[in-house]
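Worksheet for the structure shown next.
The values are calculated or read from the model by the stated rules, or taken from the named source; none is laboratory data. Quick caveat: nothing in here was measured; it's all calculated off a predicted structure. All Cβ positions, glycine included, derive from the backbone under ideal geometry; neighbour counts span all protein chains shown.
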Amino acid sequence: MKQAVIFDMDGLMLDTTLTRQEAERAFLKDFGKTYDRAIATTYQGMRVRDVVATMIAAYQLPLSPSEGERILTQNIVANYAHPALELFPGCKRLVEDLQQSHICTLALASSSPKAAIEAMLKRFELTTAFAVYVSGEEVEHGKPAPDIFLLCVERLHIPPRRFLVLEDAPNGIRAAKKAGMRTIAVSHKMFYTPQDFQGSADVIVSSLEALSPNTIEAEFTRSGKEGPSADSSSQET
């Protein structure tokens, strides 16, 4: 039976402090505002449109949502050329090992703009690794709504119960569960601790280095026996 693994991007595959966070800091600086981590925690995993809406309200910014989205998108895409930007440990190895194992199809579903996704894939030579990639720009409702994951279902023609989603933010985990998919939360502890995923993610790990084709295959086997579960989770290191 066909099955697929969906990767989130910012915060899961690479450090958002050099992409999203620095872009947000520069965006706020133009209006004389200072980046607030507590506010940022509320919108992690959301698409740019929804991030801007939250920021305008929280910081009382004097601009329209469309103009804010345009400026922040430009900032984010530009930051993918940052020379210090790197994938998190274990990321490329996991993607390449899964690709070579042929146990699943790979997809990428990110709230980031499509141009940012393409810039990341090109920079890290992962363009051929993912069968599909979906941006939050392409759906009506961003995470925590399930739209972005359901679009992966539509494009890959694989039932939701045969998907495994890797996410680093509760908004992403909630979106995947609403889509009927099994989930693994990767807690890098940048914004969220493992406790933030208890009761929502099916599995919690500390980094992508804890995952391999064998552990992914085991989750698919477990999913086939249990089906997606929204009320229990296991924690691994």
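Pairs under 6 Å by beta carbon, first residue free of Cβ contacts under 8 Å to residues at least 40 places away in the same chain in segment 171-185, partner polar (S, T, N, Q) and crowded, with 24+ Cβ neighbours inside 10 Å, six or more apart or different chains?
What qualifies is ILE173/THR183.
Among ILE71, ILE76, which is the only one that is buried (at least 18 other Cβ atoms within 10 Å of the Cβ) and over 26 Å from GLU217 (Cα atoms)?
ILE76
Look through ALA109, ALA115 and report the one residue that is crowded, with 17+ Cβ neighbours inside 10 Å, under 27 Å from ARG70 (Cβ atoms) and assigned by TED's automatic domain parsing to the domain that holds ASP10.
Residue meeting the stated conditions: ALA109.
Out of everything in segment 1-23 that is assigned to a helix (DSSP H, G or I) and crowded, with 22+ Cβ neighbours inside 10 Å, what residue ends up being farthest from the chain's Cα centre (by Cα)?
So, considering only residues that are assigned to a helix (DSSP H, G or I) and crowded, with 22+ Cβ neighbours inside 10 Å, the one farthest from the chain's Cα centre (by Cα) is ALA23.
How about segment 16-34: which of its residues are of a type outside the set (S, T, N, Q) and under 20 Å from TYR80 (Cα atoms)? Lay out the reasoning, then the answer.
Filtering segment 16-34 down to residues of a type outside the set (S, T, N, Q) leaves 18, 20, 22-33.
The answer is LEU18, ARG20, GLU22, ALA23, GLU24, ARG25, ALA26, PHE27, LEU28, LYS29.
For the subset of segment 120-134 comprising residues that are assigned to a helix (DSSP H, G or I) and touching a residue at least 24 places away in the same chain (Cβ under 8 Å), which member is surrounded by the fewest Cβ atoms within 10 Å (Cβ to Cβ)? Step through it out loud before you land on a result.
First pass over segment 120-134, keeping only residues assigned to a helix (DSSP H, G or I): 120-123.
Remaining after also requiring touching a residue at least 24 places away in the same chain (Cβ under 8 Å): 120, 123.
On the way: MET120: 24, ARG123: 16.
The qualifying residue surrounded by the fewest Cβ atoms within 10 Å (Cβ to Cβ) is ARG123.
Within segment 143-159, does at least one residue satisfy the condition of being in a loop (DSSP other than H, G, I, E, B), in the same structural domain as CYS104 (by TED's automatic domain parsing), closer than 20 Å to ASP10 by Cα and in contact (Cβ under 8 Å) with a residue 60 or more places away in the chain? It would help to see each step written out before you state the result.
Let us first name the residues in segment 143-159 that are in a loop (DSSP other than H, G, I, E, B), namely 143-146, 157-159.
Filter again for in the same structural domain as CYS104 (by TED's automatic domain parsing), leaving 143-146, 157-159.
Those left that are additionally closer than 20 Å to ASP10 by Cα: 143-146.
Those still in the list that are in contact (Cβ under 8 Å) with a residue 60 or more places away in the chain too: 143-144.
Yes, segment 143-159 contains at least one residue that is in a loop (DSSP other than H, G, I, E, B), in the same structural domain as CYS104 (by TED's automatic domain parsing), closer than 20 Å to ASP10 by Cα and in contact (Cβ under 8 Å) with a residue 60 or more places away in the chain.
Counting only residues that are surrounded by 15 or more Cβ atoms within 10 Å (Cβ to Cβ), of a type outside the set (D, E, K, R) and touching a residue at least 24 places away in the same chain (Cβ under 8 Å), how many does segment 27-42 have?
Matching residues across segment 27-42 total 3.
Go through segment 98-114 and count every residue that is more than 24 Å from PRO160 (Cβ to Cβ) and touching a helix residue (DSSP H, G or I) at 6+ places or on another chain (Cβ under 6 Å).
Qualifying residue count for the region: 1.
Please name all residue pairs, on different chains or six or more residues apart, with Cβ atoms under 7 Å, provided the first residue is in segment 102-119 and is without any contact (Cβ under 8 Å) to a residue 60 or more places away in the chain and of a type outside the set (Gly, Ala, Ser) and the second residue is surrounded by 23 or more Cβ atoms within 10 Å (Cβ to Cβ) and part of a helix (DSSP H, G or I).
Note: no pairs meet the criteria.
Checking the structure you have, find out if any residue of segment 34-47 is charged (D, E, K, R) and over 20 Å from the mean Cα position of the chain (by Cα). Even if it seems obvious, please write down each step before you answer.
Within segment 34-47, the subset charged (D, E, K, R) is 36-37, 47.
Checking the rest, the ones that are also over 20 Å from the mean Cα position of the chain (by Cα) come to 36.
Looking through segment 34-47, at least one residue is charged (D, E, K, R) and over 20 Å from the mean Cα position of the chain (by Cα).
Among the residues of segment 189-205, is there at least one that is assigned to a helix (DSSP H, G or I), modelled with pLDDT of 80 or more and crowded, with 19+ Cβ neighbours inside 10 Å? Step through it out loud before you land on a result.
Of segment 189-205, the ones assigned to a helix (DSSP H, G or I) are 194-197.
Right, trim to modelled with pLDDT of 80 or more and you get 194-197.
When the remaining residues are screened for being crowded, with 19+ Cβ neighbours inside 10 Å, the result is 197.
Checked segment 189-205: at least one residue is assigned to a helix (DSSP H, G or I), modelled with pLDDT of 80 or more and crowded, with 19+ Cβ neighbours inside 10 Å.
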